[in-house]
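The structure under discussion appears below in the form of structure tokens.
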Amino acid sequence: MGLMPSSASTLLPAPGAPGATGAAPETAQQEATQLRELPDHPWALVVWDDPVNLMSYVSYVFRSYFGLEQAEAHRLMLLVHEEGRAVVATGSHEEMERHVEAMHDFGLWASLQKVGG
Amino acid sequence: MRPFRRTGDRLDAELEGAEARLIVNLAAQLITLLRDRSGDADEAHSVDSEGLDVFARLEQRGPRSISVDPVLARLLPDAYRDDEQASAEFRRLTEPGLIDRKVAQLRTVVADLTSIETVTEEDAEDLPVDLDEAGALSWLRAFTDLRLALASRLGIESETPRGPEEPDEDTVGLLAVYDWLGLVQESLVAALQAEPLSS
């Protein structure tokens with residue numbers, strides 16, 4: 001989905017590689033905190049930008065899987081694209097693990113992390 | 001190729017015979033790679049693959065670490081970026097199912113194309129592809145995995161520049177295939193959203 005080579009190169013180390021997470025946790029935490037109250041939503045689903053998946057496809061996945069309105073799905077897709085990642089959902093650990101697995105079914109690059117750290 | 005369009009609840013397109021065979025070939029190779037990962041190599045010989053052995057360029061066997069093969073690392077990513085142990089445990093529980101579903105999607109595409117080719121007259125130039133929404137979803141996901149796999153093999157890490165600076169003939173061909181798969185997928189996404197989603 002990347003049209004921004006300079007940012008894409010920093011976002012593409014293999015999962016788990018040093019530098020792969022970088023500044024993500026605190027930013028993701030801020031985003032997630034804005035989305036929901038903390039105690040009930042301790043985990044966040046993060047979708048990462050990649051240079052392969054079509055923008056229309058990512059938007060379609062957000063819309064069809066999460067049941068989002070087209071405008072909201074499009075906004076989240078652009079956030080992933082422009083920021084390199086976005087918190088797409090927050091909730092329980094089990095719920096976010098299910099979402100990660102579903103995103104991997106779709107071929108999206110997703111991970112989960114604790115909102116509170 | 002005539003791109004996908006929606007008619008009622010059907011999604012239809014037309015592919016040339018060579019295009020259909022190319023997709024079948026790539027899908028068969030990716031099935032082999034995924035099956036090899038899950039330790040079930042029987043599938044490897046169920047479909048004849050011809051031409052470029054795209055996904056076999058790197059070592060397929062060997063250590064079970066996911067980092068060995070970039071295609072597998074991208075198709076079956078770590079769920080936790082900052083917790084190796086949690087990722088390994090999640091992988092142990094979910095990877096077999098994930099692989100099974102990815103293989104099933106690829107098989108659906110292969111079966112669809114194979115059955116179309118069988119019932120279509122041999123000298124026909126265009127093969128009609130006609131999918132319901134469930135079939136279209138399998139195609140979408142399978143095409144995504146094929147493009148992700150090709151991109152890994154081609155070293156596509158950003159929109160530009162793509163791949164090696166002085167690509168050899170095979171690479172140029174694969175880049176064209178990669179772009180073409182993207183066109184087909186784009187048309188399918190657009191066709192699927194041409195009417196409100198049913199769910």
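Bear in mind these aren't lab numbers, they're just calculated from the coordinates by the rules spelled out. Since we're looking at a predicted model, the values are computed, not measured. Note that we place each Cβ from the backbone using ideal geometry, even for glycine, and neighbour counts take in every protein chain shown.
Below is a table of values for the structure above.
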quantity: Inter-site label distance for A:Glu95 and B:Gln193 at 7 Å from Cα along Cβ, in nm; calculated: 2.5 nm
quantity: Residue-averaged beta-carbon neighbours from other chains (10 angstrom radius) around B:90-101; calculated: 2
quantity: Simple spin-label estimate for B:Glu133 and B:Ala111 in nanometres, 7 Å along Cα-Cβ; calculated: 2.1 nm
quantity: Long-range HN-HN contacts of B:Arg81 with modeled amide H, under 5 Å; calculated: A:Leu112
quantity: Whole-Hz couplings from phi, Karplus 6.51/-1.76/1.60, listed for the range B:82-98; x for Gly and Pro; calculated: 10, 8, 4, 5, 5, 4, 5, 5, 4, 4, 4, 7, 10, 4, x, x, 4
quantity: Ranking of B:Asp112, B:Asp179, A:Asp49, B:Asp126 by count of other Cβ atoms within 10 Å, fewest first; calculated: B:Asp179, B:Asp126, B:Asp112, A:Asp49
quantity: Residues with amide H under 5 Å from that of B:Glu14, placed H, sequence gap 5 or more; calculated: B:Arg2, B:Val129
quantity: Modelled FRET efficiency - R0 25 Å, B:Asp100 with A:Ala102, Cβ distances, 0.05 increments; calculated: 0.95
